[in-house]
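These notes concern the structure reproduced below.
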Amino acid sequence: MGTVYEELRARLAEIADLSRVLELLFWDQRTMMPAGAAPARADQLATLNRITYERLTSEEIGRLLEEVRDEEESLDYDSLEASQIRVARRDYEKARRVPPELRSEIVRTAVLALPAWEQARRSSDFSIFLPHLEQTFALRREYVACFDKPDEDYDVLLDDYEPGMKTAEVRAVFDVLKRELGPLIAEVAEYAAAIDASFLAGPFPAEAQKAFELEVLDAFGFTAESWRIDDTVHPFASSGGIRDIRLTTRHLHHELSVFASMHEFGHGLYEHGVAPELERTLVGRGVSLGIHESQSRMWENLVGRSRPFWRHFFPSLRRAFPDQLAKVDAESFYRAVNKIEPSLIRIEADEVTYNMHIALRFELEQQLLDETLAPADVPEAWNAKMAEYLGIEVPDVADGVLQDMHWAGGYVGYFPTYTLGNVVSAQIWERMQADVPDIDERIERADFSALRDWLREHLHALGRKFTPRETLERVVGGPLDPGPHVAYLKAKAADLYGL
Ligand code: ZN
């Protein structure tokens with residue numbers, strides 16, 4: 001490669017380094033940092049964020065991206081060099097569109113909105129959060145106006161989390177899910193009462209939870225060489241590099257942490273499986289939030305809520321909690337952790353009703369953005385959709401519209417990626433099964449190597465070299481399709497309830 005690419009590569013490597021340092025500072029803040037360090041850390045994060053952004057949007061990067069065009073023409077589309085140039089050009093052009101003042105205003109608004117949201121939620125008083133919600137959506141509209149006129153304004157926000165995805169495509173997925181899952185939810189309502197899940201409330205002492213969760217993660221492929229797991233308040237996964245994967249979890253007496261830990265493992269495994277030559281480039285990460293979520297949901301649900309998984313691991317879980325699970329066997333445990341039942345809180349929802357929680361948020365966000373719904377009317381609209389989609393009456397705003405922090409944090413367009421993750425996880429699973437037909441027997445032996453290897457070879461190694469659309473096409477051989485997810489959920493419900 002010529003010298004222009006080499007110069008560009010060296011500059012992008014520094015930007016990649018800065019992003020990793022930001023991520024480690026964030027991880028430290030949520031796991032290790034003493035509370036008193038918060039103001040200093042906020043300054044440090046703001047400074048490093050600004051430097052990273054200035055480097056990416058610098059005239060120098062712009063000049064190199066122009067000068068590299070000649071070399072680029074001779075490159076193979078699949079090569080690391082061509083991919084890195086494409087991705088850098090896209091990141092650069094997108095970042096340059098938004099004036100630094102608007103960027104700061106968005107950050108500042110979120111900094112004020114988050115504590116207001118917490119207070120509103122504590123006192124179940126929507127009016128405390130209302131002015132912040134108005135401001136958040138006003139700024140989102142300004143943000144949208146920075147870009148060329150899209151098909152729909154929401155496309156611009158979606159693109160931050162799922163590059164290239166259109167609102168119309170996501171709407172089509174939700175239309176299928178609502179049509180197929182709505183009747184299923186109504187049908188299973190009468191059976192849910194017959195499944196006893198009361199033992200899932202514990203108590204589960206932390207030490208025994210940690211030991212069990214490590215047994216599962218070790219079998220999955222967690223190694224001390226490249227991974228850590230630490231306690232936090234709201235679990236997440238982050239990474240300081242391909243060989244530096246940091247999971248977080250929490251241990252509450254009334255919930256089994258292993259499901260959240262398996263979820264975060266899926267995120268971590270994706271980052272760990274990126275091809276080593278992509279380290280210190282802009283393409284050495286997972287490709288989008290939706291595809292990332294497909295990996296976490298796969299390990300949490302398709303593996304971690306499966307019958308073969310619990311046939312293997314339930315005896316060990318019962319040894320960890322002999323009193324709590326004395327009268328439970330593997331089959332009744334499997335049924336309990338898969339119980340389908342409409343509920344108020346998204347993060348506690350089962351695999352079927354979860355998508356309805358997301359449909360509701362996706363629809364309200366679009367209405368708020370195009371001003372067909374006033375922020376003041378959101379609680380009423382929320383409650384009406386909860387009644388329509390899930391037959392649930394919302395008792396108060398704390399457990400209704402104020403249950404999630406996303407809008408307070410300025411994350412609009414993020415919610416749909418959860419459902420995209422569910423949909424894509426089933427597509428990938430179906431494709432993987434064609435190559436690993438004995439996956440159930442393997443899971444029952446706690447042998448996850450074939451699954452891990454398949455995912456690395458077909459998806460993880462690619463990093464961000466291709467767009468999410470191209471990546472999905474390469475992995476499953478087709479476009480986004482809710483069919484496999486619907487079929488999986490229907491089969492599971494049929495099996496659980498004998499429908
Ligand atoms: Zn996740």
Search result, residues across the range 218-243 that are more than 16 Å from the ligand (Cβ to nearest atom), closer than 23 Å to Arg30 by Cβ and either in contact with a helix residue (DSSP H, G or I) (Cβ under 7 Å, 6 or more places away or on another chain) or in contact (Cβ under 8 Å) with a residue 60 or more places away in the chain (or both): Phe222, Ser226, Trp227, Asp230, Asp231, Gly240, Gly241, Ile242
Filter pass, Gln209 being touching a Ser or Thr at 6+ places or on another chain (Cβ under 8 Å), crowded, with 21+ Cβ neighbours inside 10 Å and more than 29 Å from Gln433 (Cβ to Cβ): yes
The range 465-481: number of residues that are assigned to a loop (DSSP other than H, G, I, E, B) and not hydroxyl-bearing (Ser, Thr, Tyr): 7
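Considering the range 263-307 alone, what residues qualify as being within 30 Å of Lys490 (Cβ to Cβ) and touching a strand residue (DSSP E or B) at 6+ places or on another chain (Cβ under 6 Å)? I'd like the intermediate steps shown before the answer.
Taking the range 263-307 first, the residues within 30 Å of Lys490 (Cβ to Cβ) are 263-267, 269-270, 286-307.
Residues satisfying the conditions are Glu264, His267.
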Filtered residues of the range 266-307 (kept if part of a helix (DSSP H, G or I), buried (at least 21 other Cβ atoms within 10 Å of the Cβ) and away from the ligand (no atom under 16 Å from the Cβ)): Leu278
Tally of residues being away from the ligand (no atom under 16 Å from the Cβ) and out of contact with any helix residue (DSSP H, G or I) (no Cβ under 7 Å at 6 or more places or on another chain) across the range 402-443: 4
Residue under evaluation Asp404, criteria (1) under 21 Å from the mean Cα position of the chain (by Cα); (2) farther than 30 Å from Ile185 by Cα; (3) not in a helix (DSSP H, G or I), criterion not met: (2)
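Give me a count of the residues in the range 438-463 that are in contact with a Phe, Trp or Tyr (Cβ under 6 Å, 6 or more places away or on another chain) and outside any helix (DSSP H, G or I).
Filtering the range 438-463 for residues in contact with a Phe, Trp or Tyr (Cβ under 6 Å, 6 or more places away or on another chain) gives 443, 448, 460.
Next cut, outside any helix (DSSP H, G or I) only: 448.
The number of residues fulfilling the criteria is 1.
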Pair list, Cβ < 9 Å and 6+ apart or interchain, from the range 401-423 residues that are among the polar types (S, T, N, Q) to residues that are at pLDDT below 95 and in a helix (DSSP H, G or I): Gln403/Ile347
Residues satisfying the stated conditions in the range 247-262, i.e. more than 12 Å from the ligand (Cβ to nearest atom), touching a strand residue (DSSP E or B) at 6+ places or on another chain (Cβ under 8 Å) and among the β-branched types (Val, Ile, Thr): Thr249
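The values are calculated or read from the model by the stated rules, or taken from the named source; none is laboratory data. Everything quoted here is computed from the prediction, not taken from an experiment. Positions of Cβ are generated from backbone atoms using ideal geometry, with glycine treated the same way; all protein chains shown enter the neighbour counts.
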